[in-house]
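> Supplied in structure tokens, the structure appears directly below.
Each value in this text was obtained by applying a stated rule to the coordinates, not by laboratory testing. The shown structure was predicted, so the numbers you read here are calculated from the model rather than taken from an experiment. Here the Cβ positions follow ideal geometry from the backbone for every residue, glycine too, while neighbour counts run over all protein chains shown.
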Amino acid sequence: MAPFIIGIIVTGIIMVIVGTIGNKIVDKGENALRKKEVEKYNAAHKDDKGERLADRFK
Amino acid sequence: MNTGLILGLVIGFGLLGLAIGIGLLGHKKLVQSGQIVSRDTHFMEKAEIFILNEPDPAQVVEQIKTISGNVGIHMKGSSVDQWFKFDTSGWEAKLEKQSPENGKCVYRFQFTHWNTYRGMPEGALAMNKLLTAVEKMFVSFDHETVVKTEAVNFNTKTKLF
């Protein structure tokens, strides 16, 4: 019984460690990609004159 | 093929179609009643900058107070430097008065935080309602209000559980 419980605990710890590190890596990559996209969008729309807000409610 | 299986698939897809139809109908009704505007799914990722003739700051405060829904509203600043924060349990937004541009008054609205579920924003409908109410408010102040959008840089943080 003891090895079984130890196995469960070790698996749980490994899952938490891998999950935490994995999430951090994915978030970091996603944030870096988004930052580039945001810069690209804002540079492309820098000189936009905007739209008439009332037109959205026609 | 098993008749029961086919029947089950037909009923399953039928119910799925019905659910989608009801959802779309509800969305259409909200658009028609003017409570929301049809927007891009990720509209909350862009800030809106409103450029208009200077409204009475006290009137802005009064109009903001009338925004309904389960949204907490906090106000700070003066007539020169107005700042509003809107919050719920799942998202937050802010509206702030900025430096004038070519003699026009400038307000910037942006969502500052929101929770997602499987990549989709959880409170998108309520967020759309608030943004629509803010937009309508500016149109009521100045019918010639101009709106510009700006992509906002934000970070995601995935929770383990």
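> Net charge around B:M75, counting only other residues with Cβ within less than 10 Å of its Cβ (Lys, Arg = +1; Asp, Glu = -1)?
+3
> At a Förster radius of 35 Å, what calculated FRET efficiency corresponds to the Cβ-Cβ distance of B:K29 and B:T3, to the nearest 0.05?
It comes to 0.35.
> So if we plug the beta-carbon distance of A:K36 and B:R108 into 1/(1 + (r/R0)^6) with R0 = 22 Å, what FRET efficiency do we get, rounded to 0.05?
For A:K36 and B:R108, the calculated efficiency is 0.45.
> Determine the shielding of peptide A:27-35 by partner chains: average, over its residues, the number of Cβ atoms on other chains within 10 angstrom of each Cβ.
3
> Strictly over 22 Å apart at the Cα level, which of A:K35/B:K148; A:K46/B:K157; A:K49/B:K29; B:K29/B:K136; A:K49/B:K46; B:K65/B:K85 would you flag in this model?
Numbers: A:K35/B:K148 20 Å; A:K46/B:K157 29 Å; A:K49/B:K29 31 Å; B:K29/B:K136 18 Å; A:K49/B:K46 16 Å; B:K65/B:K85 12 Å.
Pairs exceeding the cut-off: A:K46/B:K157; A:K49/B:K29.
> Quantify how strongly other chains surround peptide B:54-63 by giving the mean number of their Cβ atoms within 10 Å of each of its Cβ atoms.
Whole-number average of other-chain Cβ neighbours for B:54-63 is 0.
> Taking 30 Å as R0, compute the FRET efficiency from the Cβ-Cβ separation of B:V61 and A:A43 and round it to 0.05. Show your work: numbers first, answer last.
Numbers: r = 36 Å, r/R0 = 1.19.
Step by step, r from the Cβ atoms, then E = 0.25.
> Moving on to the next point. Which order, highest average first, do B:144-156, A:22-34 follow once you tally other Cβ atoms within 10 Å for each residue and take the mean per peptide? Can you show the working numbers first?
Numbers: B:144-156: 16.6, A:22-34: 12.5.
By packing density, highest mean first, the sequence is B:144-156, A:22-34.
> While we're on this one: Which whole number gives the average count of other chain Cβ atoms within 10 Å of the Cβ atoms across peptide B:146-157?
Partner Cβ neighbours, averaged per residue: 6.
> Work out the charge dipole of the protein assembly as shown with +1 on the Cβ of Lys and Arg and -1 on the Cβ of Asp and Glu about the Cα centre, then indicate which of B:M120, B:L7, B:S33 is farthest towards its positive end.
Toward the positive end, the furthest listed residue is B:L7.
> Report the local net charge at B:P55: Lys and Arg +1, Asp and Glu -1, summed over other residues whose C-beta lies under 12 Å from its C-beta.
Summing Lys/Arg as +1 and Asp/Glu as -1 gives -2.
> At 15 Å minimum axial length over the Cα atoms and a Kyte-Doolittle cut of 0.0, report the qualifying DSSP H helices in chain B, or say none.
B:3-32, B:124-141
> Between the helical axis of A:2-44 and the dominant principal axis of chain A, each derived from Cα atoms, what acute angle in degrees is found, rounded to the nearest 10?
The helix A:2-44 is inclined about 10 degrees to chain A.
> Between B:Q98 and A:A2, what is the label-point separation in nm under the 7 Å Cα-to-beta-carbon projection?
For A:A2 paired with B:Q98, the spin-label model returns 6.7 nm.
> Please sort B:104-111, B:21-28 by packing, taking for each peptide the average over its residues of neighbouring beta carbons within 10 angstrom, highest first.
B:104-111, B:21-28
> 222 nm [θ] for chain B, helices only, -39500 (n - 2.57) per DSSP H run of 4+, per residue, to 500? Working shown, then result.
Details: 3 runs with 57 residues, N = 161.
Rounded to the nearest 500, it is -12000 deg cm²/dmol.
> With point charges of +1 on the Cβ of Lys and Arg and -1 on the Cβ of Asp and Glu, referenced to the Cα centre of chain A, which listed residue (A:N42, A:I5, A:I17) lies farthest in the positive direction of the dipole?
A:N42
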